[in-house]
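Worksheet: the structure to be examined is printed underneath.
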Amino acid sequence: MEGASNGGMLYHEVQESKLCAVHCVNTVLQGPFFSEFDLAALASDLDSKERQMMLQGSASAGDFLSEESHNVSLGGDFSIQVLQKALEVWDLQVIPLDCPVAEPAQIDPELENAFICHLHDHWFCIRKVNGEWYNFDSLYAAPQHFSKFYLSAYLDSLKGSGWSIFLVRGNFPKECPISSSEASNGYGQWLSPEDAERITKSCNLTQAPPQRNNMTRQHPEELPSLAEADLQFLSDMEDEDLRAAIAASLMDSAPAPASAEVSTPKTENKDMEEKTE
């Protein structure tokens, strides 16, 4: 069992635009360690290295060598490779749960410390903090406590619903400078377990079930004890300032040739059209 960290507080980030990957990484680390600009820089570096590898390989790299980034969209949707690189900075490994090396976690997930879950364009983290399991999905107003039995059932249900699940292993940071204003990215909040439970209960009592969209449909219907996603945080999916900032960050860190502008992946456009219907 991991020792007490951050004074027993829980670090949670609430959904901002399409930055669920940022929220996911920070809740794995339990602190505001990364911003969208940090992940954008990692994505640009990955794009550059992948292009170089393709140029050195076969001549069939035409599609890959397009202007489109393969690791981030202008809306802030990052690839698993970016999350892996970010967590590698802290000596953490991201392992697909269906890999042979992760077999013990499939049998006894409660013996692990963190899982990353992904479906379509949404990421979230399930994390053990001070010996207790919590769902740090940024669509929720506060982290939600899991029993060890419920953790296993929930992971099984996610897998049955098509989610990709990754195990995170390594030496997790024990402390984060909570009092440092420089450490805040503007999305996070520190909550005691009691505060988190109170917020969750309040949301369950006061919120009517919102209309489901692509995001909320991805959560298993057969687990009704979880609160519905708070969709007010998804109302500003077209944050033009964020798009411009990420594009600028990508151009600053990308090599100079020709067109450095990154176009939004078609898959994101398709998802955005579905959400607005």
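The values are calculated or read from the model by the stated rules, or taken from the named source; none is laboratory data. The structure presented is a predicted model; accordingly, all values stated were derived computationally and were not measured. Virtual Cβ from ideal backbone geometry, glycine too; neighbours counted across all protein chains shown. Just the protein is used for accessible areas: all its heavy atoms, side chains included, with ligands, DNA and RNA removed. Shrake-Rupley method; radii C 1.70, N 1.55, O 1.52, S 1.80 Å.
Only one entry of 113, 135, 130 meets the criterion of being closer than 13 Å to residue 28 by Cβ, touching a residue at least 24 places away in the same chain (Cβ under 8 Å) and open to solvent by 30 Å² or more (accessible area, probe 1.4 Å), and that entry is 113. Of the residues examined, residue 31 is not one that is at pLDDT below 85 and either outside any helix (DSSP H, G or I) or under 28 Å from residue 176 (Cα atoms) (or both).
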